[in-house]
Amino acid sequence: MSDDESLLEEVCDLDLIFREEYSHDVQVQARSLKKWNDQLVYPSLSDQVVPRFVTAGQARSRQLSPESRHSFFSSSILDDLHAQSDAILSEQERQQQEILRMKAQFDASFRRLFAFLDELTRQLNILKPAIPRVYQLTGEHEFKNLVWQEGRVDYRSDNLAATAELESVTLTYRLASEDPPLYLERESDFVDSLYRRLFDHGLQVDIEKRYDERRALKKARFTVQPEIKTQVRWLGNPEDGRLRCETNNLERFGRLTWLLPADAPMDMRFLDEFGRLILGQEHDFPYILNRTP
């Protein structure tokens, strides 16, 4: 036998030994794991104590009664914790009931307001009356001779169900005049500020910019169409219990907010004065707001 053949046989014998040792180790580990698994002890739940998976809204109704708690546990610390949690849940329940009461009041007010404004806009869309109101844009530029063009009223509810409570009512309408557009010119330093102002007022504007020989802005000419877009939004805040009336371009350019309590009477006198305010007639609407309890 040559030396190469002898070396090859020794390598094969060594490989066989390694295989046998590996197989033995695997069998020992398997027996060890099996023996360990056989000795595992899993705790069993008592028939009287069942795991609970409850939502926050169910927490109060699923609280253990004092009798059941004492029958399961004798520790006084649980009694102390239960008293504290019961106080928190009672306050949360009181706050939730107050919010629900506020939402119900808002819903009743908004339904009456929506019905009134919906009928009002229907009639005005047919009549298209003149609105005797002047909107001052600058010291020498103003919009007047305005006529009602179109309006609509929308509402938002807390869900899509037919019985959903209303959360807000929004009135939008557009006034326009047959007067010629207004033309304003500003130097380069004042172009951006005027554009932002006109944009905030929701006006329809065309801009003609003029540049110098170096292509730097020299001045701009603004053409402003005589058209006013107005929005009045009523919404309620159950957290502070107040109604908000947010207006934009109602009596003049800009935004204004009125606040009144949730139980403010949305009676016909209140609605009629608000309607006169929209039409630009004499009204006592701010007076009514200030006198609302």
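Values quoted throughout were computed directly from the atomic coordinates according to the rules given, and no laboratory measurement underlies them. Worth saying up front: this structure is predicted, and the values here are computed from it rather than measured. Every residue, glycine as well, gets a Cβ built from its backbone with ideal geometry; the counts of neighbours run over all protein chains shown.
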Task: Relative exposure of His141, His201, judged by other C-beta atoms within 10 Å (fewest first) - done: His141, His201
Task: Taking region 169-293 and dividing mean pair separation by its residue count, relative contact order in percent (alpha carbons under 8 Å, at least six apart) - done: 21 percent
Open item on the list: Along the Cα→Cβ direction, 7 angstrom out, place labels at Glu208 and His283. What is the inter-label distance in nm?
Closed with: 3.9 nm
- [ ] Would you please give the FRET efficiency between Glu98 and Lys219, computed as 1/(1 + (r/R0)^6) with r the Cβ-Cβ distance and R0 = 41 Å, to the nearest 0.05?
- [x] 0.10
Task: Per-peptide average of other Cβ atoms within 10 Å, ordering 247-258, 207-218 highest first - done: 247-258, 207-218
Task: Mean shadow area of region 180-225 over all directions, Cα convex hull, nm² - done: 3.1 nm²
Task: Modelled FRET efficiency - R0 22 Å, Gln136 with Asp192, Cβ distances, 0.05 increments - done: 0.55
TODO: Note down the nm distance, to one decimal, between modelled labels 7 Å out along Cα→Cβ at Ala164 and at Arg111.
DONE: 1.6 nm
